[in-house]
């Protein structure tokens, strides 16, 4: 079965600073990887996803993520954070066969200081 | 195109009361899911339905039942609510019946408090 770890419960950055949110997964084959964002009081929305091919994936709202097989990681990055990026971010890993429901990490709460 | 809708948005119950959370999607998706979200626990899957007429247990099914009424609707029932079921409940849907590569589309959530 697959699993995913988001080591940081909270991350605080200043507006305009760069951002990196960490995600590590455990799965025996190439996984399907996702980042979702949850704004306060809202449901989750897909930011980006990786299935195969280019390991650097571009998403909405200026986010990108890089799949590193050797490190079992799929970290989310943004070069310059805006106050509106304050939200909860979830990494998820999916797999074909067996349990095909994506498994979600516990989330990282992003706080943006003006 | 409303996407995934959930009713109600908020609910307060007393211990032992029952209620049904409603979910509907208008995207002709095959799969539907119910999650609960608790602080520090992320999203935990309660039940899912890979297609009309089928349902399966997820990680935390105890105390819940579900019905896939038709392709559009997937309801979650609490027969005898307990304070441990205080949570935010999310319904989601995805296009296909199998494959972990599907994007999930989430509703806005139902905030449930059990006193």
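The values are calculated or read from the model by the stated rules, or taken from the named source; none is laboratory data. Since the structure is predicted, the reported quantities are computational estimates derived from the model, not experimental observations. Counting neighbours? That spans all protein chains shown, and the Cβs are built from the backbone with ideal geometry, glycine included.
Here's the yes/no breakdown for (1) part of a strand (DSSP E or B); (2) in contact with a strand residue (DSSP E or B) (Cβ under 7 Å, 6 or more places away or on another chain); (3) surrounded by fewer than 22 Cβ atoms within 10 Å (Cβ to Cβ):
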| residue | (1), (2), (3) |
| --- | --- |
| B:23 | yes, yes, no |
| B:66 | yes, yes, no |
| B:70 | no, no, yes |
| B:75 | yes, yes, yes |
| B:84 | no, no, yes |
| B:91 | yes, yes, no |
| B:113 | yes, yes, yes |
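For region A:45-64, state whether one or more residues are part of a strand (DSSP E or B), under 21 Å from residue B:59 (Cα atoms) and within 14 Å of chain B (Cβ to nearest Cβ).
From region A:45-64, those part of a strand (DSSP E or B) are A:45-50, A:56-58, A:64; that's our starting set.
Checking the rest, the ones that are also under 21 Å from residue B:59 (Cα atoms) come to none.
No - not one qualifying residue is present in region A:45-64.
Among the listed residues A:74, A:90, which satisfies the condition of being under 24 Å from residue B:95 (Cβ atoms), assigned to a strand (DSSP E or B) and in contact (Cβ under 8 Å) with a residue 60 or more places away in the chain?
Values: A:74 fails: in contact (Cβ under 8 Å) with a residue 60 or more places away in the chain.
None of the others qualify; the one that does is A:90.
Restricting to region A:63-88, give me the number of residues that are under 20 Å from residue A:38 (Cα atoms) and either surrounded by 14 or more Cβ atoms within 10 Å (Cβ to Cβ) or under 11 Å from the mean Cα position of the chain (by Cα) (or both). Break it down into steps so the answer makes sense when it comes.
Quick first cut of region A:63-88, residues under 20 Å from residue A:38 (Cα atoms) only: A:63-65, A:74-88.
Filter once more, so that each one left must be either surrounded by 14 or more Cβ atoms within 10 Å (Cβ to Cβ) or under 11 Å from the mean Cα position of the chain (by Cα) (or both): A:63-65, A:74-78, A:81, A:85-88.
Total meeting the criteria: 13.
Among the residues of region A:85-106, are any away from chain B (no Cβ under 14 Å) and more than 26 Å from residue A:3 (Cβ to Cβ)?
Yes, some residue in region A:85-106 is away from chain B (no Cβ under 14 Å) and more than 26 Å from residue A:3 (Cβ to Cβ).
Restricting to region B:35-52, and then to whatever is more than 12 Å from the chain's Cα centre (by Cα) and farther than 16 Å from residue B:25 by Cα, can you tell me which residue is surrounded by the fewest Cβ atoms within 10 Å (Cβ to Cβ)?
Our first condition is that a residue be more than 12 Å from the chain's Cα centre (by Cα); within region B:35-52, this holds for B:38-42, B:50-52.
Applying the additional criterion that residues be farther than 16 Å from residue B:25 by Cα yields B:38-42.
Working: B:38: 14, B:39: 11, B:40: 7, B:41: 13, B:42: 19.
Within region B:35-52, the match that is surrounded by the fewest Cβ atoms within 10 Å (Cβ to Cβ) is B:40.
With B:45, B:78, B:13, B:21 as the choices, which residue is in contact with a helix residue (DSSP H, G or I) (Cβ under 8 Å, 6 or more places away or on another chain) and touching a residue at least 12 places away in the same chain (Cβ under 8 Å)?
Result: B:78 is the single residue among B:45, B:78, B:13, B:21 that is in contact with a helix residue (DSSP H, G or I) (Cβ under 8 Å, 6 or more places away or on another chain) and touching a residue at least 12 places away in the same chain (Cβ under 8 Å).
For residues in region A:11-33 being part of a strand (DSSP E or B) and modelled with pLDDT under 95, which is nearest to residue A:92 (Cα to Cα)? Write out each step before concluding.
To start, the set of residues in region A:11-33 that are part of a strand (DSSP E or B) comprises A:11-14, A:19-21, A:24-26, A:32-33.
If we keep only those that are modelled with pLDDT under 95 as well, we get A:25-26, A:32-33.
Values: A:25: 9, A:26: 11, A:32: 8, A:33: 6 Å.
Result: A:33.
Output the number of residues of region B:30-57 satisfying the condition of being in a loop (DSSP other than H, G, I, E, B) and within 14 Å of chain A (Cβ to nearest Cβ).
First, pick out the residues of region B:30-57 that are in a loop (DSSP other than H, G, I, E, B): B:30, B:39-41, B:50-55.
Adding the requirement that they be within 14 Å of chain A (Cβ to nearest Cβ) leaves B:30, B:39-41, B:50-51, B:54-55.
Of the residues in region B:30-57, 8 are in a loop (DSSP other than H, G, I, E, B) and within 14 Å of chain A (Cβ to nearest Cβ).
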